[in-house]
1. With respect to the axis carrying G onto C, what is the closest chain G residue by Cβ position, and how many angstrom separate it from the axis?
2. For the protein assembly as shown, with only Lys/Arg (+1) and Asp/Glu (-1) charged at the beta-carbon, what is the dipole magnitude about the Cα centre, in debye rounded to 20?
3. For the protein assembly as shown, what does the accessible surface come to per residue with a 1.4 Å probe? Please give it in Å².
4. What size of dipole, in debye to the nearest 20, comes out for the range B:1-40 about its Cα centre when the only charges are +1 on Lys and Arg C-beta atoms and -1 on Asp and Glu C-beta atoms?
5. Report B:ASP10's accessible area, 1.4 Å probe, all protein chains in place, as a number in Å² to the nearest 10.
6. Could you check how much of the accessible area of chain D is carbon and sulfur, as a whole percent, using a 1.4 Å probe?
7. As a test of the formula, what do you get for chain A when each DSSP H run with n ≥ 4 contributes -39,500 (n - 2.57) and the sum is divided by the residue count, at 222 nm and rounded to the nearest 500 deg cm²/dmol?
8. Report, in whole Å, the centroid distance computed from the Cα atoms of the range B:27-53 and the range F:1-58.
Amino acid sequence: MVNGIERPLDLLNSAKGKEILVQLKTGKQFVGTLLAFDIHINVVLDNAREIEGGEQKTSYGLTFLRGDTIIFISPSAASKA
Amino acid sequence: MVNGIERPLDLLNSAKGKEILVQLKTGKQFVGTLLAFDIHINVVLDNAREIEGGEQKTSYGLTFLRGDTIIFISPSAASKA
Amino acid sequence: MVNGIERPLDLLNSAKGKEILVQLKTGKQFVGTLLAFDIHINVVLDNAREIEGGEQKTSYGLTFLRGDTIIFISPSAASKA
Amino acid sequence: MVNGIERPLDLLNSAKGKEILVQLKTGKQFVGTLLAFDIHINVVLDNAREIEGGEQKTSYGLTFLRGDTIIFISPSAASKA
Amino acid sequence: MVNGIERPLDLLNSAKGKEILVQLKTGKQFVGTLLAFDIHINVVLDNAREIEGGEQKTSYGLTFLRGDTIIFISPSAASKA
Amino acid sequence: MVNGIERPLDLLNSAKGKEILVQLKTGKQFVGTLLAFDIHINVVLDNAREIEGGEQKTSYGLTFLRGDTIIFISPSAASKA
Amino acid sequence: MVNGIERPLDLLNSAKGKEILVQLKTGKQFVGTLLAFDIHINVVLDNAREIEGGEQKTSYGLTFLRGDTIIFISPSAASKA
């Protein structure tokens, strides 16, 4: 398996301390450094920025995102956002 | 880890007694002092104010917010709202 | 802590017998005297009145509100509605 | 407490055999005699009638209403519907 | 109690083998003979027909309906649909 | 009982290896051979084809359908789709 | 049974390391190599690409997709997307 990912949460675990892209059901995207997550996919980002149309719109600093509003999380896409 | 945040709820715990920004699924934002929260992310704010377009719209005082209506919570963004 | 609120439900407990404002996901607001609540945030109001645009629209008397339709509950805002 | 209501379901229990008004998330209202309910707020009405704009629209007789479609239940408002 | 209905599922139990009307959240209605149900209100109808505007639209024969899409079930209204 | 169906899942069990019609909440319909299902009504179809307006639109081969997106499943209607 | 699929998750298990097509409730489709999944149907894709109108739109690399946003997963359709 790539990067030792056997369960879905392994990807989030390996992304701790790194920038991730979070796509919300509302259509908004957040980029920030993943500090923590749980089994509900609640996540805490440091230096969280809302992205719209590829541009940074608002900075929120330390932010708690509720898991049930998340569609997908991509660590590698964060650098492109 | 930044600020000793190992689990998502650690951020909420460290924000007790401080101003937080709460983004609801309805599109509304609340700002207020975090008094209490639980694992459902139900929160109680003191001096809760509804924000729209960066302006305070309505004051609700002590307010219970049901967790399943919350998208994200940001302690540091509250001062900018 | 303000008013001894350590858990979110403590606010509802302290509001028993008092007027509260309940905001529903449908956009409607109810005002009434809180008689009872449970962990699902199901609530029973006495003298429940539906509010629209700051005006009382319909009186429902004793009313059971299902918790999953509630966005927020504010005891102190009831007097202003 | 009014009418001995300490928990939300106490109101439904005291309304058994009486006419109640049920507001659904779809916007429809039902009026009928409450025969039974459970903790999911599933209810069975006898002589159930759909109400629209204050007028009776359709009669359904004995009807099972699934709890997760219900916004509120008012025993006292049934007589006015 | 009418027809010995003490719990909501008692109505469904007494309707086994009879025609029922099922209202779905999508706005569609089904009529058919109730063969089976469970606590999730999943139901199986025999000779299931979709109804639109009081007219039969499509016949589906034996059909499994997922409970979480159901608003209400009326045994007595089936004969009128 | 018709076909020995006492519980809703009995219908799905008897339909294994046969063509079924699956109606999704999105409005789309799938037809395919039922290979497997579970208590969440997750299903696997072989030779799955999306149907729109009575015409086959796309073939997906072996396909996993998540149960919470399903409205109804009809084995006998598959031959007519 | 085709391919030894007795339970729905058997299909996902047999698709590990292969390209799959994932249809989301938002209308978006993802194609990528399935690395991991769990009982919530959370999945991790490697080399994930968003597909729109049959064309690749965005590449996300390693991506975590939350199960509750998924409608269907098709391993064999991935080569056609």
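The values are calculated or read from the model by the stated rules, or taken from the named source; none is laboratory data. These numbers come from a predicted model, not from an experiment. Heads up, the Cβs are rebuilt from the backbone with ideal geometry, glycines too, and the neighbour counts pull from every protein chain shown. We work out accessible area using only protein heavy atoms, side chains counted, and drop any ligands, DNA or RNA first. Shrake-Rupley method; radii C 1.70, N 1.55, O 1.52, S 1.80 Å.
1. Its Cβ sits closest to the axis: G:ASP68, 8.
2. 580
3. Numbers: 22920 Å² over 567 residues.
Computed with neighbouring chains in place, this is 40 Å² per residue.
4. The dipole magnitude comes to about 160 debye.
5. 40
6. 46
7. Numbers: 1 runs with 7 residues, N = 81.
After summing the helix terms and dividing by residue count, I get -2000 deg cm²/dmol.
8. Centre-to-centre distance over Cα atoms comes out at 44 Å.
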